[in-house]
Structures are given as C-alpha cells and as structure tokens.
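The values are calculated or read from the model by the stated rules, or taken from the named source; none is laboratory data. Being a predicted model, the structure only gives us computed values, none of them experimental. No Cβ is skipped: glycine too gets one built from the backbone with ideal geometry, and neighbour counts run over all protein chains shown. With ligands, DNA and RNA removed, areas are computed over all heavy atoms of the protein, side chains included. Shrake-Rupley method; radii C 1.70, N 1.55, O 1.52, S 1.80 Å.
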Amino acid sequence: MIVMRHLRQLGAIGLRVVGLVAVLTSGSRSAPPPNILLIYTDDVGYGDVSCNGQQTLKTPHIDRIAAEGLRHTDAHCSAATCTPSRFALLTGRYAFRQPGTGIARGDANMIIQPGTTTVATLLKQVGYTTGVIGKWHLGLGKGEVDWNTEIRPNPHDIGFDYHYLIPATGDRVPCVYVEQGRVVGLDPSDPIQVSFTKRIDPSPSGAEVPPESLKQRWSHGHNQTIVNGISRIGWMTGGQSARWVDEEMADTITAKATTFLEEHRDEPFFLFFSTHDIHVPRVPHPRFQGKSGLGWRGDAMLQLDWCVGQLLNKLDELGLREQTLVIFTSDNGPVLDDGYVDQANELVGDHRPNGPFRAGKYSSFEGGTRVPMLIRWPQRIPAGQVSAALIGQVDFAASVAALVGAEIPAGQCIDSRNELDALLGTDPHGRPHLMHEARNLALRMGHWKYVPPGRVRDGLGPWTTVDIPRPGALFDLRQDVAERRDVADEHPEVFVKLQRLHERLLSGGDQPDHVGQ
Ligand code: NG6
Ligand code: CA
C-alpha cells in the first residue's frame, strides 16, 4: 500500500517534470501542468450566476471561482443543446460535421467512436488519471443495448479511466446510474428493459394518472414511464432497486466527485464533473426547496452552487487549490418551462437567466450558447480578471493539448484551436470566428453575428420563434448585444464576408492547423 503510494507519487513527479519540460520548451509558461477540474453544468445561463451581474440569486461558491481567477464574458458552448455541445467539447470537432449528434435518446449508442481523440485521451497520453462523473448524454453501447450486462463501448473506450454516469438526462429513461459500464445497484432477478419506440411498461403512464398524483407534472412530452413519482421520456421496466431518487442526485454525484479527488490527490488528474442541475426535472433536495424564491429552477441553482462549494472545499482540504485548473461552464443557454410544470416561468420575476442576451437554449441568438465561463488556476491566473475574448469550448482539446504537451494525431480535433492564452486570460482576442449550432447554424466573426434565414427559437418561456427572412440577418454586438437590429443592409460587405465564411466552415475549410503545436 505504502509502496504503491510512493510509486504513484514518483509517477506524478515524473509526469510533472516531463510536462514542465514540454511547457518550458513551448514558450513562456511558468507553472507545471495542473490538475483539471471541469465543472460542466446543464442549461445554466449567463445570468444565472451572480458574478455575471444579477442580484436576484446568490451563487457565492461559483462566484468564488471568478473572484479568485478569471471571468469570461464572451465564452460559448458549441451548440444550443446538450449532446452536440458535449461532443464538440470532448472531441474538438463541431458536431454538425457528424450526423447523429443531435439531442440523443436515452438508449442512443455511443456517439463518439472508440479511437477518436478526446480531451481525455490527450490527457491520458501524458499520464493523467481521467474521470467523468454525472450527466453523459453521448450514448452508450452498440446495437441494442442490454442494461443488465457490461455496456461497451463506454467512456472508458474514449479515454476515461473512471465513469459514474447519468446515462442520458434526468428526464429520460433509464433512470439509473452506470459505473464502469454497469448499472449500479441492479438486482439480476429484476432486469431492466428500455424502449423509446414501443410501450413495454404496462403500468399507468404519466399521461394516464391524475396529474395531481405526480410529484411534478409534465407540460409537454415527458409523460411515459413514471419513476420516483415523475414521468419521463421513454419506457422502462425492472431495475427497481437501481432507480435513482432525483432529490439525492446532486449529493450522490458530488460524493463520487469528492472521493475521486481524494483518491487521485497524488497524481495529475482530469475530472469532468457534469451536473444534472439545472436541467429538468428540477427536483432539488428538500434542504434547497423553496430557498431561492424563484421556484425549483432557482433552488436547483442553489443546489448546484452548494456542489461547487463542496468541490472547492475539497481541493482546499487536499492542498490542491494552487495546482488545479478549475473551469466552470455550461452546455447550452437557459430555458424556463422545458417540459415540466415547475413554475419556472411564473416565478422568474426580475431574474434574467440569459443576462443581457437574446433567447436561450435551442436558439441561434447569443443566449443559446453564450454561457458562464469561470476559470481559476492560482499558479497562473491572477485573481479578479475579466476577459472579453471570443472563446469556444470546441477549443478545449487543442488548448489542453498545448498546456500539457500532448500531441494531436493527424486528422483529429479538426475544429479545435490552441486558444490557451485566451482561455487563461492573456490574449484579449481569442478565436477569430465561431460557429454556433442550433436548428440553423449561426456564425460569429469578431463582434459580428450572422444568423442564416429560417425559424429561430426566441425567448425562454412558452415556445416562441421568430422567422429570419432571406438572406439572413447581421447583428453588430458591439452596439447591439441583444441582437435587436439587423444591419445587413448597412454593411453589405461584412454580411457577404460572413456568409462566405459560413459556407467555407460548413464545407470543412478554415480549420486550424495542429502541425507543430
Ligand atoms: C427536449 C425535451 C427537453 C430536454 C431536451 C434536451 C421534450 C418536450 N423536450 O426534446 O425537456 O430534455 O430535449 O435537453 O421532450 S438537453 O439539455 O439535454 O439538450
Ligand atoms: Ca443542456
């Protein structure tokens, strides 16, 4: 045991030395490669964290990351929904390049193929221990998934040493956790079956029971198998002993995460902590219920803030604060009613989940992808920084590779740029352009924004859309951050430039060159 520990420590020191040589030879870096804790939240909007300016909801633990580090004001997930954002984050490839990367079903097959370079494989290449805990939503298994045996492929096949997952989303079956390829707490005499195409569950569905008998009513969709008094998308039978309790989910995954930190304190680690909060169904633990005054959406934010506090405290306790890069961000913009009657619309009051931006989840407007991004790494980033650089999560792969001295194999991470300096706050510009995936693909180039013609989700509450007429709209975010005034006619040359760049990016042009990175 003691020998193992010494070996691990020696290994860790060895890796840090190798990494240090790599970073010293690549430029003016001064700190050895850090541990990486990526806190990836679900449906959290730019305005949902108090450090981004709102006064309606206090998130002191999340704000601490910004106060002790850097707050980005123009950082984006790649898409306005979950699956494509996660795909791009991990693979460094825009999701629109691979069919089948839209919002995944609960029984979807693994979307990222084994052999694909991911942030996790890059970090493993240089000796990091890697883990993912929480929401996955990138599919598992191959063919018809049998939830009663080891499910392969799984995150292990794309670089994660450890996984403890909510397989898809809280509102989709199967409502069980999967750890190292197997459903947790499964009784083999009560096997699980899952279907999204045929009704296999004979018990009354969410559509058939009196609404008041449900813990939380559905407003659209979400009316099939009932688990923990809440009806979900999809049908599920069996696995009674393995079914999760929504109220305990945040505690469960946070405990797994703090254990991971403890167990890997002596070696460089990458932990992808992917919360269910604040996705629907929002059913926080009773100790948070009713505490925000904004309904259960706000209460789920308080719960999320608590989880972040637990992780930050654990880093302090383990003496890892200085050498751990903590990143807090979100997978898409905010939404109010997203299929359950949880009074998110009614109780939002003056709270602006999208901050000053237009629309949120599902939208091509800025609110769809402009999300909080807070970064703390005391060894490298001075406290209290703010950056307006254009940041895309699709750049994590190449930036992390540059940070630790990992090599990106040819043809991999093709959209990912090394934007490490922008990410860490020393380059004020960031990416020159960024695709924004929603039902139609929008494009940022500097402060300009092109939204192609078509129907675009607008607002955050009841489903409303706006039609962008041909040939598309141009917004100047410098003067009009809320995208209210189409200036295509006033700047025809800029409009054409963005349209052309949009076409080139769609057809695979204008990609970064990793050679020599
Ligand atoms: C939608 C669901 C929504 C949410 C979303 C995925 C309905 C009516 N709506 O189809 O509730 O689950 O998919 O959200 O079923 S995401 O954040 O994981 O992308
Ligand atoms: Ca999401």
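Couple of notes before you dig in:
- q = 0.10, 0.16, 0.19, 0.20 Å⁻¹, the range 172-317: log10 I(q)/I(0) [Debye, one scatterer per Cα]: -0.42, -0.96, -1.19, -1.25
- Ordering 506, 450, 496 by the projection of their Cα atoms onto the charge dipole of the range 434-506, which places +1 on the Cβ of Lys and Arg and -1 on the Cβ of Asp and Glu, puts 506 at the extreme positive end.
- Positive dipole terminus of the chain, leading residue within 163, 147, 207 (C-beta point charges): 163
- The distance linking the range 160-176 with the range 472-491 is 40 Å (Cα centroid to Cα centroid, whole angstrom).
- Interatomic Cα distance distribution for the range 434-506, bins of 5 angstrom, percent: 4, 16, 28, 28, 17, 6, 2, 0
- The range 80-220 - convex hull of alpha carbons, volume per residue in Å³: 136 Å³
- For the range 408-419, 3J(HN,Hα) per residue [Karplus equation, 6.51 cos²θ - 1.76 cosθ + 1.60, θ = phi - 60°, Hz, x = Gly/Pro]: 8, x, 4, x, 9, 6, 5, 9, 8, 10, 6, 10
- Based on the Stokes-Einstein relation at 37 °C and a viscosity of 0.692 mPa s, and on the Kirkwood radius from alpha carbon pairs, the range 292-364 is assigned a translational diffusion coefficient of 227 µm²/s.
- Convex hull of the range 320-428 built on C-alpha atoms - directionally averaged projected area, nm²: 9.6 nm²
- Ordering of 305-314, 482-491 by burial proxy (mean other Cβ atoms within 10 Å per residue, highest first): 305-314, 482-491
- The lysines whose alpha-carbon is closer than 28 Å to the alpha-carbon of residue 198, local same-chain residues fewer than 8 away aside, are 135, 142, 215.
- Rounded to the nearest 20 debye, the dipole size of the range 434-506 about its Cα centre is 220 debye, using +1 on the Cβ of Lys and Arg and -1 on the Cβ of Asp and Glu.
- Ratio of Rg to Rh for the chain: 0.95 [Cα atoms; Kirkwood radius as inverse mean 1/r over pairs].
- Protection proxy ranking, highest mean first, for peptides 423-432, 91-100: 91-100, 423-432, where packing is the per-residue count of other beta-carbon atoms within 10 Å, averaged.
- For the chain, the solvent-accessible area of protein heavy atoms averages 37 Å² per residue (probe radius 1.4 Å; ligands and nucleic acids excluded).
- In summary, the helical segments of the chain meeting the span-like criteria, namely a full DSSP H run, a Cα extent along the axis of 20 angstrom or more and a mean Kyte-Doolittle hydropathy of at least 1.0, are 2-25.
- Whether the range 155-195 is rounded, prolate or oblate, judged on the alpha carbon gyration tensor where a/c under 1.5 counts as rounded: oblate
- Sparse-neighbourhood loop sites, chymotrypsin sites (Phe, Trp or Tyr not before Pro) in the range 407-479 - DSSP loop, at most 15 other Cβ within 10 angstrom: 463
- Ranked by the mean number of other Cβ atoms within 10 Å per residue, highest first, peptides 287-298, 76-87, 201-212 order as 76-87, 287-298, 201-212.
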